[in-house]
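The values are calculated or read from the model by the stated rules, or taken from the named source; none is laboratory data. Computed from a predicted model, the values in this text were never measured in an experiment. Glycine gets a Cβ as well: all are built from the backbone with ideal geometry, and neighbour counts include every protein chain shown. Areas reflect the complete protein model, heavy atoms only, side chains present, ligands, DNA and RNA absent. Shrake-Rupley method; radii C 1.70, N 1.55, O 1.52, S 1.80 Å.
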Amino acid sequence: RSVFASDAERNRFLGQLLGLLRNLLREQTGLDDEDSYHRFCRVLGRLKSNYQLSELVQADCYAEWLDAVAKFTIESFFHWQWATNSVHYLLSLWSRLVASMPYLKGDAPSRLEEYVPQVIRAFISSRMELVRALLVSDDSAELDDPLDDEEQLSEQLETVPSLCRFQLESLSTYVLTLFEPCAALYQQLLARPAAERTSRELQLRLAQSEGELAWLVYLIGTVL
C-alpha cells in the first residue's frame, strides 16, 4: 500500500493489472513458452496476496478476468508435459479466493459459485486422464507422475479441501460417480483367473484402475 499515494490510485492500478492479465489470456501472448507460462502462473498465484476479494470484485473487468482465468486453469490441468510445476499456483489462487468468501462485503457478485466446481472437477478428471496418458506414453514423452513424487503430490493436494468444501455435496457426488465404477471394475479384474491376468491388456487395465483409485483415495482422504 505504501507504493501508492491513495486507495483510488491503488485500485486504478489493480484494474489495469486485471485488464492486462485478461488480454494476455485471451491472446495467449507468450504462453506457448514453458518458462513464460510458469512465471505467468506465479503472477496469478500471488495476485490474491496483495488484494482482497472485495477489491477484486469491484474492478470493472473482474468478471472477464475471472472467466479467462477459469478457462486457462482448466486447460492447464491437461498440459501434463510442462505444466506440472505450475498447477500448484493456479489451485492456490482459487483456494485463496474461496477462503475470502466469508469476508466479502457489498453487492458485487464473486461468481465463484459458478467457476470453482468447474475448476475442481476439471482437476480431478485431469488426474484420471493423466493415469491413462502415463500408461500409453513412452520414455520420450517425459511425463511426470505426481504419485511417484510425494512433494509434488502434497503441493497439488493441499488446496483441494478448501475448494471441495466450498460446494461439498455436489463435488462429493461427482467423486463417488468416479470411485464406485472404478472400484467395481478393479474387483472384476482381480476376480479374473490368474492365467488371464498375465496378458498385456489386462495388466494395463489393472494398472489404470490402481492409478485412478490411488488418486481418488488421496483426494477423499485429503478432504476428510
Worksheet, complete the sentence: The answer for the net charge of residues other than Val98 whose Cβ lies under 11 angstrom from its Cβ, with Lys and Arg +1 and Asp and Glu -1, is +2
Discussion item. Taking the Cα centre as origin and putting +1 on Lys and Arg beta-carbons and -1 on Asp and Glu beta-carbons, what dipole magnitude results for the chain, to the nearest 20 debye?
Written reply: 720
Worksheet entry | Per residue accessible area in Å² of the chain, where ligands, DNA and RNA are left out and the probe is 1.4 Å | 55
Discussion item. Charges at C-beta only: +1 for Lys and Arg, -1 for Asp and Glu. How large is the resulting dipole of segment 69-118 about its Cα centre, in Debye rounded to 20?
Written reply: 120
Fill in: Listed residue (Leu213, Gly106, Pro181) projecting farthest to the positive dipole end of the chain, Cβ model
Gly106
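Sum up the charges of everything whose Cβ sits under 15 Å from the Cβ of Glu158, counting Lys and Arg as +1 and Asp and Glu as -1, but leave Glu158 out.
Within the 15 Å Cβ shell, the charges total -1.
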Discussion item. For a quick check, take a GNM of the chain with Cα springs below 10 Å and name the residue from Asp60, Asp145, Asp33 with the largest mean-square fluctuation.
Written reply: Asp33
Worksheet entry | Cα gyration tensor shape for segment 143-184, rounded if a/c is under 1.5, else prolate or oblate | oblate
Worksheet item: Using the Kyte-Doolittle scale, which helices in the chain average at least 0.0 and also have C-alpha atoms spread 20 Å or more along the helix axis, with helices defined as whole DSSP H runs?
Response: 62-77, 112-136, 168-190, 200-223
Discussion item. Quick check: convex hull over the Cα atoms of the chain, volume per residue in Å³, rounded to an integer?
Written reply: 135
Worksheet item: Taking the mean number of other Cβ atoms within 10 Å as a proxy for protection, how do you rank 174-180, 113-119, 158-164 from highest to lowest?
Response: 158-164, 113-119, 174-180
Worksheet entry | Kirkwood hydrodynamic radius over Cα pairs of segment 1-118, then Stokes diffusion coefficient at 10 °C and 1.306 mPa s, in µm²/s | 107
Item to complete: Mind checking segment 103-154 for trypsin sites (Lys or Arg not before Pro) that DSSP puts in a loop (not H, G, I, E or B) and that have at most 13 other Cβ atoms within 10 Å?
Response: Lys105
Worksheet entry | Dipole of the chain [Lys/Arg +1, Asp/Glu -1 at C-beta], most positive-end residue of Leu31, Leu53, Leu190 | Leu53
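Take the solvent-accessible surface of the protein heavy atoms, probe 1.4 Å, and return the percent of it on the chain that carbon and sulfur atoms account for. Could the numbers behind the result be given before it?
Values: 6020 of 12250 Å².
Reported share for carbon and sulfur atoms: 49 percent.
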Worksheet item: By the gyration tensor of its Cα atoms, with a ≥ b ≥ c the square roots of the eigenvalues, what is the shape of segment 136-213: rounded for a/c under 1.5, prolate for a/b over b/c, or oblate?
Response: oblate
